[in-house]
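Written below as structure tokens is the structure these notes are about.
The values are calculated or read from the model by the stated rules, or taken from the named source; none is laboratory data. Please read all numbers here as calculations on a predicted model, not as lab measurements. Here the Cβ is made from the backbone with ideal geometry for all residues, glycine too, and neighbour counts use every protein chain on show. For accessibility, only protein heavy atoms count, side chains too; no ligands or nucleic acids. Shrake-Rupley method; radii C 1.70, N 1.55, O 1.52, S 1.80 Å.
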Amino acid sequence: MKERPSFPARMPASVSAKIAKPSAALNLPQGLGMDSSAVRRRMVEKLMAQGLSDLLVQQAMGAVERHRFVDSGLANQAYEDTSLPIGLGQTISKPSVVARMIELLRKGVDGRLGRVLEIGTGCGYQAAVLSQLATEVYSIERLRGLHDKARENLRPLRLTTVHLLFGDGMLGFPAGAPYAAIIAAAGGEAIPQTWIDQLAIGGRLIAPVVGKTGPANLKTGTTKGQSLVVLDKTAQGVRQTVLEAVHFVPLKSGVA
Ligand code: SAH
């Protein structure tokens with residue numbers, strides 16, 4: 001069952017070397033200890049204990065320095081499994097949610113994903129993780145302040161395969177389509193048709209969606225919560241699977 005676009009598993013050493021800088025070169029904030037890679041290793045071990053089994057996702061989560069994507073005052077919480085404020089009322093997703101979504105995107109794919117579209121760049125953390133696992137990452141943000149912040153956060157990593165776009169992600173990014181995978185970091189009432197149109201045949205989309213009758217809402221008896229939805233596009237049509245309850249910031253249209 002391997003129908004999705006995939007690429008050889010090996011990451012070019014140049015990419016991983018750029019992301020996982022030697023700790024000696026880091027100016028680590030207080031409370032993070034001498035070597036942030038050890039702290040990340042512990043974070044990955046905890047993710048594995050919660051069920052993260054995909055080796056490439058484990059490596060990517062272990063490589064990207066999450067403390068570089070949050071304000072220095074929050075850096076000592078960067079490797080806890082918690083979402084954190086990134087300004088303008090938005091949040092960086094919990095590591096376990098980032099890992100879970102990317103693991104779901106990679107299910108059934110050997111090696112690297114092809115081109116990936118991310119809706120909601122935020123601080124750029126998830127785009128950096130995705131860059132370890134995909135040939136190209138197109139990431140859209142609707143808030144100018146966060147788009148600029150992500151650019152600043154990612155600049156030192158010199159990830160030539162990450163393309164940051166300022167605009168309304170509801171419209172997707174047709175110039176990069178078709179995508180092997182689409183991942184949304186904000187939840188709307190439905191999955192926009194433009195995303196499905198821009199997904200490759202054999203591609204997979206993952207997004208939080210409000211009011212889906214999934215396990216999340218069956219439990220609470222409401223349709224107000226968000227559930228994680230996986231959508232697979234095949235030559236025969238689309239197949240949607242509703243998974244667990246999640247809490248993402250709202251998907252909004254237009255830019256600001
Ligand atoms: N992946 C991000 C998570 C950021 S939170 C990270 O690693 O930090 C989700 C982001 O989605 C917010 O920054 C919000 O502004 C953005 N967003 C919401 N609706 C959007 C839309 N229509 N287009 C683009 N970005 C959107």
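Close amide H pairs (under 5 Å, H built 1.01 Å from N) link residue 86 with 91, 92, residues at least 5 positions away or on another chain. If the chain linking residue 190 and residue 247 were pulled fully straight, counting 0.36 nm for each residue of separation and taking away their Cα-Cα distance, it would gain 19.0 nm. Across region 96-110, rounded Karplus estimates of 3J(HN,Hα) from the backbone phi angles (6.51 cos²θ - 1.76 cosθ + 1.60, θ = phi - 60°) give 5, 6, 4, 4, 4, 5, 6, 4, 5, 5, 8, 3, x, 9, 8 Hz, Gly and Pro being marked x. Which shape class, rounded, prolate or oblate, goes with region 94-201 when its Cα gyration tensor gives a ≥ b ≥ c as root eigenvalues, a/c under 1.5 marks rounded, and past that a/b bigger than b/c marks prolate? Verdict is rounded for region 94-201. Please find the FRET efficiency linking residue 236 to residue 82, where r is the Cβ-Cβ separation and R0 is fixed at 45 Å, and quote it to the nearest 0.05. In this case the efficiency is close to 0.65.
Ligands, DNA and RNA left out, the 1.4 Å accessible surface of region 12-250 is 54% carbon and sulfur atoms.
When each of the peptides 78-91, 183-196, 234-247, 129-142 is scored by how many other beta carbons lie within 10 Å of its residues on average, the order from highest to lowest is 129-142, 183-196, 78-91, 234-247.
As I understand it, the dipole of region 12-250 uses +1 on the Cβ of Lys and Arg and -1 on the Cβ of Asp and Glu, about the Cα centre. Which of 64, 185, 105 lies farthest toward its positive end? Most positive-ward Cα: 64.
Within region 12-250, antiparallel bridges make up roughly 45 percent of the DSSP beta bridges whose residues both belong there.
For a test of the definition: using alpha carbon positions, the gyration tensor, and the 1.5 limit on a/c, classify region 94-155 as rounded, prolate or oblate. Verdict is prolate for region 94-155.
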